[in-house]
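> My questions all concern the structure below.
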Amino acid sequence: MTLDTADLLDRRIAGRSLEAPFYTSREVFDLDLAAVWARNWIFVAAEGELPEPGDYVTTAIGPWSIIVVRDDDENVKALHNVCRHRGARILTEDRGSVGNLVCGYHKWTYRTDGSLLHAPAQGGGFDPACFGLKSVHARSVGGLVFVCLAEDPPPDFPEVASRIEPYLLPHRLAGAKVAARVDLVEDCNWKLTMENNRECYHCDGHPELVRSFFPTYGYREDQVPPTLRPAYERYRRVEAEQRETYERLGLPHELIEELDTRPSAFRIEREPLDLAGESFTTDGKAACRRLLADFPTARLGHLSLHWQPNAWFHVLGDHAVTFSVVPIAEDRTLVRTTWLVHPDAEEGVDYDLGTLTKVWTATNEQDAELVSRAQRGITSPAYAPGPYAPSEYQVDAFCTWYLARLREHVGR
């Protein structure tokens, strides 16, 4: 049966979850790839994953495979992972380091900037300049690498980048070291992963996280339930103290929230943490003794950045965590988590890897179970879109943004 996508879009009720086909239909999934993933800026890697020329990561999004590589001039490039000879995938690993990019099929060889270096046994008149790898738009924003597959990317991205970078640059992420990277496949549609991240209505399912993370995220003062009132009052006291620190250190901290009003949608804010206020650990103390940018204090809370359609970030005084989301199928999604520390920090000396990764490893696994339960329930004929709570306003904003991208694509 062919879906009537236009009718499905028209039936959406603001303030309610999406209808089942948005999460279960292969047709909608293919539409998502074309309307969202092929047209918008996507986070793919931290620069710390590419410290040296020849270092690369690959990302597969639907039918597209992209190579992100640091070239011999130390620029970050993004290239289609498609040989210009007969189309073979050139790199098959998800990360590594190369001198040149060599296709394993017929040994066509490309420089790390994508230009063709060598094509064996070609006939006379063959011009290598005509057969370089096709490039993908790429830009690093404060050490975070974004790519866009569209020929004409959303024009608002440079302006958004200029507003985000002042928040990120003091943390010197471009030179940070990867301490750990974990891939987790969630049994759900990619939108459920993103929606789950936009609310803390469910945060009592994260006992490790809410030790240091205030569970009042998303609540206005008049919406805070009685059970969360003590945490909220504590949050307001710490917030006032932290603002003085941010201003003394010249760290931007004000909330910017533009989640449903533009193509390059984002939310950024510097917020306090509970307990010692330094890190995502069970006692709130720093997990890495060597602070990211040699700050005079670890008590900086966390800089929270959310990026649509596929990423969120937590940048702290002692380390940073990046999360990227990649759709695999209509009911499977890759979540990649990367922990970054000071480039000179040593495991076993400055940080214990288990302590550094404990909270988000546990939280990711808990979230994977929650979103898979949602995916299973949505496939039932009994499912109908339900109302969002006021604290879930960011989920509603995400869905509004997503549907706007689909409407643009189908001309509605």
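> Just want the answer: with Cβ charges of +1 for Lys and Arg and -1 for Asp and Glu, which residue in L144, F22, G123 is farthest toward the dipole's positive end in the chain?
The residue sitting farthest along the positive end of the dipole is G123.
> I'd like to know which of G62, Y105, L79 lies farthest towards the positive end of the charge dipole of region 26-141, counting +1 on Cβ of Lys and Arg and -1 on Cβ of Asp and Glu.
Of the options given, the answer is Y105.
> With no other cysteine's Cβ closer than 4.7 Å, which Cys residues of the chain count as lacking a disulfide-compatible partner?
So far as the 4.7 Å Cβ criterion goes, C130, C148, C188, C288, C399 stand without a partner in the chain.
> Estimate the FRET efficiency between E254 and A6 by the formula 1/(1 + (r/R0)^6), using the beta-carbon distance for r and 25 Å for R0, to the nearest 0.05. Don't jump to the answer; show the numbers that get you there.
On the way: r = 40 Å, r/R0 = 1.58.
Efficiency, from the Cβ-Cβ distance: 0.05.
> Then there is this: Mind putting a number on the dipole of the chain about its Cα centre? Charges go on the C-beta only, +1 for Lys and Arg and -1 for Asp and Glu, and I need it in Debye to the nearest 20.
Its charge dipole is roughly 500 debye.
> Hey, another quick one. Using a 1.4 angstrom probe on heavy atoms only, work out the carbon and sulfur share of the accessible area of the chain in %. All intermediate terms of the calculation are to be shown ahead of the outcome.
On the way: 8450 of 17220 Å².
The computed percentage sits at 49.
> Along the Cα→Cβ direction, 7 angstrom out, place labels at E408 and E347. What is the inter-label distance in nm?
Label-label distance for E408 and E347, simple model: 4.1 nm.
> Another one. Given a Förster distance of 35 Å, report the FRET efficiency between A276 and I13 from their Cβ-Cβ distance, rounded to the nearest 0.05. List each step's numbers first, then the result.
On the way: r = 44 Å, r/R0 = 1.25.
After rounding, the FRET efficiency stands at 0.20.
> A further question on this structure: How high is the FRET efficiency between T227 and L169 when r is their beta carbon distance and R₀ equals 35 Å, given to the nearest 0.05? Intermediate values should be presented prior to the final figure.
Details: r = 39 Å, r/R0 = 1.11.
My answer for the efficiency is 0.35.
> Between region 2-67 and region 219-283, how many Å separate their Cα centres?
29 Å
> Related question: May I ask for the net charge around V160, where only other residues with Cβ less than 10 Å from the Cβ of V160 are counted and Lys, Arg are +1 while Asp, Glu are -1?
On the way: positive: R163, R262; negative: D156, E159, E165, E258.
My count for the surroundings of V160 gives -2.
> With the other protein chains left in place, how much accessible area per residue, in square angstrom, belongs to the chain at a 1.4 angstrom probe? Please list the in-between numbers first.
Working: 17220 Å² over 412 residues.
With the other protein chains kept in place, the chain gives 42 Å² per residue.
> While we're looking at this one, here's another question. Given the chain, what count of lysine pairs have C-alpha atoms under 30 Å apart, with each pair 8 or more places apart or on different chains?
Lysine pairs, 8 or more places apart or on different chains, close enough: 12.
> So if I place +1 on the C-beta of Lys and Arg and -1 on the C-beta of Asp and Glu, and nothing else carries charge, what would the dipole magnitude of region 275-412 be about its Cα centre? I want it in debye, nearest 20.
Using Cβ point charges on Lys, Arg, Asp and Glu, region 275-412 gives about 520 debye.
> Rounding to the nearest 20 debye, state how big the charge dipole of region 1-41 is about its Cα centre with +1 on each Lys and Arg Cβ and -1 on each Asp and Glu Cβ. Don't skip to the end; give the middle numbers.
Values: 5 positive and 7 negative charges, 37 e Å.
Dipole about the Cα centre, nearest 20: 180 debye.
The values are calculated or read from the model by the stated rules, or taken from the named source; none is laboratory data. If you're wondering where the values come from, they're calculated on a predicted model, not measured in any experiment. As a convention, Cβ positions derive from the backbone with ideal geometry for all residues, glycine included, and neighbour counts pool all protein chains shown. Surface areas here come from the heavy atoms of the whole protein model, side chains and all, with no ligands, DNA or RNA. Shrake-Rupley method; radii C 1.70, N 1.55, O 1.52, S 1.80 Å.
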